[in-house]
There are 2 protein chains.
Amino acid sequence: MNASRTARDRARAELTQEIKNEARRQLAVDGAQKLSLRSVARELGMVSSALYRYFASRDELLTALIIDAYDAMGEQAEKAAEGGAPRERWRKACHAVRDWARANPHEYALIYGSPIPGYAAPQDTVASAARVPLVLIRLLRETNPVPAFEGPPLTDGLAGQLRALGELVAPDGERIAPDLPLETLNRGIVVWTQLFGMLSFELFGQFVGSVDPTDEFFDHAIEQLADFLGLPPAR
Amino acid sequence: MNASRTARDRARAELTQEIKNEARRQLAVDGAQKLSLRSVARELGMVSSALYRYFASRDELLTALIIDAYDAMGEQAEKAAEGGAPRERWRKACHAVRDWARANPHEYALIYGSPIPGYAAPQDTVASAARVPLVLIRLLRETNPVPAFEGPPLTDGLAGQLRALGELVAPDGERIAPDLPLETLNRGIVVWTQLFGMLSFELFGQFVGSVDPTDEFFDHAIEQLADFLGLPPAR
DNA sequence: ACGACTCCGAGAGCACTGCTCTTGACTTGT
DNA sequence: ACAAGTCAAGAGCAGTGCTCTCGGAGTCGT
């Protein structure tokens, strides 16, 4: 009974996976705009209505692809940031993220571009979306010595937001960073936005005609950001 | 004859404008995804095929809206950055850009989100797209004294790119910034990406659950970036 | 092993889209 | 006044997301 039930379930899971794969293939070629349920079904030799047994709507399919994309990028970043000195881990993570984005521009656009439909990024995505920022936070937590920052002091409200953020629980059940100095956390968010700002500009064509190709600019900025974070210089 | 020719032309120009206005209205409500030529035509009391006398395709209509959006945002930034000390102009320009983006999120997504169709951002858009960065560059050129920057040195290739960029001619016919130190220009590009990285994160929902609302984080970052640019502190 | 129940793919169909082409009326310039 | 140019309208094509119904197949308890 279990075997038979799982027989059906396995078939279902497999087909679900195949649908996503085919959808991802079409996404990589034509972009999210042109992805159509009918053509996915056609390519799989089935009829469009059958797809609705697996995904309730086109948006739901896209949401599934979004989660997969977040996870793929997050995994790359996690692997790249595994060992070594903080600055080296930072560099590698940045490059891993950029490499993934450049290799999968349409998937990148799916997750960091304009929200596709009537703006429905459900709760399911946040755990996957948090993986890259969590890599950064882990890296910051393990940075010693704690740097002394200059610059404008945190306002009370911002400090409160940051404190609450540090108390949040990550998907693994632990609090994110209750021990991280608020200044550091704030700078972490800054470099996080900077990293993805550069990627979006590069991939969405905003750099065409200025720093294009972007490789050297990117590397240089990564180093400046490492300084900004107070990561100890590489020896 | 001239009067009559312009009579027709004026009617044409007016209708073109009305089409864009209606399209912008629908854009503001439902987003670019849902904007349809047919519903624009319907709303204007005409038939869809008639629209094709004014815009050769849906993409061309969107391109027109993109240019208008760049111009609207650019104008806001230019007006905001008009007088005062560099740091004050910087602050005001940033807030002008953010205010415009928050007031017109779908138009913002149109220009800074994922490239919409088969990725066709024609040459016509660049002059309008350059207005905001040019505000920043003008501000940097008029900043005295020239700050002394620390940090990693520019690599040769990057320096070359920046030099070429400074020699480019702006839409008004002048070279952009042949006199600007390359270090300053580089930092200008960094803060430019940072600014729009923050805006995209805020508008596309990436900040939900962290620095949300984003006002204080934004203000604080703007100040940090002003320091990073070496803008003299406000007295 | 057989009926009950659930799941699944196929097909038809609705309302909608972008876009093309033709037709007939109107406005222009000579 | 007449030919040329311009325009809105209508029909039509190929495609879309999505719904509903139908018959067949798989699964389950008895």
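Which condition number does A:R53 fail, the rest of (1) within 14 Å of A:L27 (Cα to Cα); (2) within 16 Å of DNA strand C (Cβ to nearest atom); (3) away from chain B (no Cβ under 14 Å) being met?
If we test A:R53 against (1) within 14 Å of A:L27 (Cα to Cα); (2) within 16 Å of DNA strand C (Cβ to nearest atom); (3) away from chain B (no Cβ under 14 Å), just (1) comes out false.
Among the listed residues B:R175, B:R131, which satisfies the condition of being among the basic types (K, R), under 18 Å from the mean Cα position of the chain (by Cα) and more than 12 Å from chain A (Cβ to nearest Cβ)?
B:R131
Based on this model, can you work out whether B:G160 counts as loosely packed, with under 14 Cβ neighbours inside 10 Å and either touching a residue at least 40 places away in the same chain (Cβ under 8 Å) or part of a helix (DSSP H, G or I) (or both)?
yes
A:T16 is checked against (1) within 10 Å of DNA strand C (Cβ to nearest atom); (2) within 21 Å of the chain's Cα centre (by Cα); (3) not small (G, A, S) and fails just one. What number does that condition carry?
Of everything listed in (1) within 10 Å of DNA strand C (Cβ to nearest atom); (2) within 21 Å of the chain's Cα centre (by Cα); (3) not small (G, A, S), A:T16 misses just condition (2).
Just the residues that are at positive phi and in contact (Cβ under 8 Å) with a residue 60 or more places away in the chain, please, taken from the stretch B:189-231.
Correct list: B:G230 only.
Exactly one of these conditions fails for B:A80: (1) in contact with a Cys (Cβ under 9 Å, 6 or more places away or on another chain); (2) within 16 Å of DNA strand C (Cβ to nearest atom); (3) not hydroxyl-bearing (S, T, Y). Give me its number.
(2)
All but one of (1) over 17 Å from A:A226 (Cα atoms); (2) crowded, with 17+ Cβ neighbours inside 10 Å; (3) of a type in the set (D, E) hold for A:E183; which doesn't?
Single failed check for A:E183: (1).
Scan the stretch A:68-85 and give yes if some residue there is surrounded by 13 or more Cβ atoms within 10 Å (Cβ to Cβ), closer than 21 Å to A:T125 by Cβ, of a type in the set (A, V, I, L, M) and within 16 Å of DNA strand D (Cβ to nearest atom), otherwise no.
No, the stretch A:68-85 contains no residue that is surrounded by 13 or more Cβ atoms within 10 Å (Cβ to Cβ), closer than 21 Å to A:T125 by Cβ, of a type in the set (A, V, I, L, M) and within 16 Å of DNA strand D (Cβ to nearest atom).
Just to be sure before I move on: is A:Q17 at pLDDT 95 or above and either surrounded by fewer than 16 Cβ atoms within 10 Å (Cβ to Cβ) or over 15 Å from A:H106 (Cα atoms) (or both) in the structure I sent?
Yes; evaluated as a whole, the condition is true for this residue.
The values are calculated or read from the model by the stated rules, or taken from the named source; none is laboratory data. All values reported here derive from a predicted model rather than from experimental measurement. Backbone-built Cβ (ideal geometry, glycine too); neighbour counts: all protein chains shown.
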